[in-house]
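Here's the structure, in structure tokens; my notes come after.
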Amino acid sequence: MALALFDLDNTLLGGDSDHAWGDWLCERGILDGDAYKARNDQFYEDYLAGRLDIQAYLNFSLEILGRHPQAQLDEWHLQFMRECIEPIILAKGEALIAEHRDAGDQLVIITATNRFVTGPIAKRLGIDTLLATECETADGRYTGRTTDVPCFKEGKVTRLERWLSETGTSLAGSYFYSDSRNDLPLLEKVDHPVAVDPDDTLRAEAEKRGWPILSLRA
């Protein structure tokens, strides 16, 4: 049994769930459609360019969670799943998950996007283990702040290594599928790094290092 690690956004999904959540909130007038969207788009551009200030982004994106009760957030998320996530779940991504499941591999989604957004998506994909950026809670509701090490860049390695230690799991024979230059620190750690519909920087690195390049969209 090997460990099969999957990035989520633009890997198993044909889009970015974190960015889409902000857009969805703007489209429904829950957030300021102009000011919020402009900042959300800029943070996304920074992410794609590999220069995202993760703490600044989390302070921005999680603030909405602290302003509304859990029940309301969950209701919105159900609508978001139907309208935005279901249409971008990639059939080839589901087939890849099934291939690893049939091989008896241990499946893990590891994503920089926060657990509130990604928890229901991981459940929809049938993957029980999710390593994600954590949202702080107190008295039964979100505070609007993050907690723990953000699951981003080197933070993904930190969070994974802790989980490996806690569960007694080995990286021997491990796979990691990702589209992003931001995941190079973790791709370098596994036995089988795979670039999935990669950005230009990751594609160049994969070609240089002889890593497989896979498309789940074509």
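Annotations for the structure displayed:
- Net dipole in debye of region 78-161 [+1 Lys, Arg Cβ; -1 Asp, Glu Cβ; about Cα centre; nearest 20]: 200 debye
- With the convex hull drawn over the C-alpha atoms of region 110-159, the volume per residue is 78 Å³.
- Shape call, region 25-70: gyration tensor on alpha carbons, a/c limit 1.5: oblate
- Net +/- balance of residues flanking residue 98 in space, Cβ distance below 12 Å, scoring K and R +1, D and E -1: -2
- Largest to smallest accessible area among 19, 77 [probe 1.4 Å]: 19, 77
- Take residue 47: with every protein chain present and a 1.4 Å probe, its accessible area is about 40 Å².
- Summing Cβ point charges (Lys, Arg +1; Asp, Glu -1) relative to the Cα centre of region 110-214 gives a dipole of roughly 160 debye.
- Given +1 at the Cβ of Lys and Arg, -1 at the Cβ of Asp and Glu and no other charges, the dipole of the chain around its Cα centre is 220 debye to the nearest 20.
- Subtracting the Cα-Cα distance of residue 191 and residue 92 from their residue separation scaled by 0.36 nm leaves 33.4 nm.
- For the pair region 15-38 / region 76-109, the C-alpha centres are spaced 23 Å from each other.
- Extents of region 16-97, largest first, come to 37, 34, 20 Å (Cα atoms, principal axes, whole angstrom).
- Once the gyration tensor of the Cα atoms in region 40-181 is diagonalised, the equivalent ellipsoid follows with semi-axes of 25, 19, 17 Å, ordered largest first.
- Since only 113, 169, 80 are under comparison, the one whose Cα sits farthest along the positive direction of the charge dipole of region 76-197, derived from C-beta charges on Lys, Arg, Asp and Glu, is 80.
- The chain, relative contact order in percent, only Cα pairs under 8 angstrom and at least six apart counted: 25 percent
- Of the beta bridges in the chain, as assigned by DSSP with both residues counted there, near 25 percent are antiparallel.
- Distance in nm between pseudo-label sites at residue 171 and residue 82 (7 Å out along the Cβ direction from Cα): 4.3 nm
- Diffusion constant of region 165-209 at 37 °C, which comes from Stokes-Einstein with the Kirkwood Cα-pair radius and 0.692 mPa s, µm²/s: 298 µm²/s
- Note on region 74-138: Cα-only Rg and Dmax are 12.8, 40 Å.
The values are calculated or read from the model by the stated rules, or taken from the named source; none is laboratory data. These figures come from a predicted structure and were not determined experimentally. Quick reminder, even Gly has a Cβ in these numbers, built from the backbone with ideal geometry, and neighbours come from all protein chains shown. Surface areas here come from the heavy atoms of the whole protein model, side chains and all, with no ligands, DNA or RNA. Shrake-Rupley method; radii C 1.70, N 1.55, O 1.52, S 1.80 Å.
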